[in-house]
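One structure below.
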Amino acid sequence: MSETRSDAELLRAIAADRDRHAFEELFRRYAPWLTARLRGRCADAGIVDDIVQETFLAIWRGKARYREEGEVAGWLWRIGSRRLVDAQRGDGARGRLRQALARLRHRDEVSAEDRVLAGVEHGDLAGALVRLSPELRAVLQATVIDGLTTREAAVLLGIPPGTVKTRAMRARKQLREALA
């Protein structure tokens, strides 16, 4: 029976020796998790699959280097989520809204939150959200929709906790002004 290598050992083997077995093991460990997380933010399975593939290719090609700070899952999430934001920047407001609403499609019972989100397409909130910068939207997504703490959002977005707080405050202020 072979010994299971840590995530850090796998990443070192990939970076130093281009160890294909280490890469395959890392992929098996994290690709399903990353896919599930990204599908929570993007309804288009094709885009998500492309982002997951691009994320792991960046590791294999040495374009993404793990600095052995924090959890490997958080590091992979930062790479994948940033690539997803880049992919979505070209989408129109309706595309982003469709993705947000598509996350709700598997729920059996319509909650108050679902009814509000379903009404967003025809309301002022959709326009206000679209006018936020991608960075501010990402913080709102992580803290409000995903329900992460400031610290967790900081790890996933790759920014300091203070920056998460500042961006969240700025995003809320801009939304209040846009909806007033």
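Bear in mind these aren't lab numbers, they're just calculated from the coordinates by the rules spelled out. None of these values were measured; they are calculated from a predicted model. Positions of Cβ are backbone-derived with ideal geometry, glycine not excepted, and every protein chain shown enters the neighbour counts.
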According to a simple spin-label model (label point 7 Å from Cα along Cα-to-Cβ), what is the distance in nm between Arg20 and Ser6? 2.8 nm
Each residue of the range 34-46 in turn: what ³J(HN,Hα) in whole Hz from Karplus with 6.51, -1.76, 1.60 and θ = phi - 60°, glycine and Pro shown as x? 5, 4, 4, 5, 5, 5, x, 10, 9, 6, 7, 4, x
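How high is the FRET efficiency from Val130 to Asp50, r the C-beta distance, R0 22 Å, rounded to 0.05?
Result of the calculation: an efficiency of 0.40.
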With each pseudo-label sitting 7 Å past Cα toward Cβ, what's the Arg151-Arg28 distance in nm, one decimal? 3.3 nm
